[in-house]
Amino acid sequence: MKKLFGITLALFFCATSFAQKNDFTDASQSDKEAKVILDNIKTNLDSYTGIQAEFEYRVSLPEEQANIQTGNMLVVGEKYSLDITEYAIYSDSKTIWMHDKAVNEVNINTVEENEDIVISSPTDLLTFYQKDDFVYAFYDEIVEERTIVTMIDFKPIDEDQEFFKIRLSVNKKTNLPVRAKVFYRDGTRIELIFKSIKNTSAFEDADFVLTKDEVGSDVEFIDLRY
């Protein structure tokens, strides 16, 4: 779980784009053209009361068929809830509940700040580019289903990260993410394809807390908090 939703949900770096920039050690050295695009995304999402997203989640291991799941996400500030086929994660910004549906188990823990992890939650995929942990640059612009999509490649400044590149694809018209793909050094690829990202005010505090009433009495809750 930590790998999938820890450093895994990060993005990637194209060797072509960074071939002459592999000595970059500071985010301030990033491509100015790409920064304008990212600033537009931030301005757009910052105007949302809450972010509601539907997505497809793909995990590809070397020489194995991709595991594809569908899910939805609700993000309000530091609070979020995420539900996909195999598990769900809820956080009220202080406590986190991880529900493994396959084994009917919920692990409860405190939300900890870990500066060594660039992407600490799945919701960071919507805001990871605001951090100073990457050098990034414009990669390409293509047309997908009559939509102009701009691609930006990210290289983690920390070369010890388990991933070496993140590619963010952005709808040029709406200034919203279309796809995020993470490239791991071991050949693993993780891709998040956004089907929709909407502004919503339809939420309450209970939406970010997981209780036994919601999952059923047969699910075991394990409290790992000290």
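Which residue is modelled with the highest pLDDT, if the candidates are limited to the stretch 144-164 and must be surrounded by 22 or more Cβ atoms within 10 Å (Cβ to Cβ) and farther than 18 Å from THR43 by Cα? Spell out the reasoning first.
If we filter the stretch 144-164 for residues that are surrounded by 22 or more Cβ atoms within 10 Å (Cβ to Cβ), which is where we start, we get 152-156, 163.
Now drop any that are not farther than 18 Å from THR43 by Cα, which leaves 153-156, 163.
On the way: ASP153: 91, PHE154: 88, LYS155: 88, PRO156: 86, PHE163: 86.
Looking at the filtered set, the residue picked out is ASP153.
Please give the number of the condition THR8 fails out of (1) of a type in the set (Val, Ile, Thr); (2) under 14 Å from the mean Cα position of the chain (by Cα); (3) at pLDDT 85 or above.
It is condition (3) that THR8 fails.
Please pick out the residue among ALA27, ALA53 that is within 22 Å of the chain's Cα centre (by Cα), at pLDDT 85 or above, of a type in the set (Gly, Ala, Ser) and surrounded by 11 or more Cβ atoms within 10 Å (Cβ to Cβ).
Working: ALA27 fails: at pLDDT 85 or above.
After applying the criteria, what remains is ALA53.
The values are calculated or read from the model by the stated rules, or taken from the named source; none is laboratory data. Since the structure is predicted, the reported quantities are computational estimates derived from the model, not experimental observations. Virtual Cβ from ideal backbone geometry, glycine too; neighbours counted across all protein chains shown.
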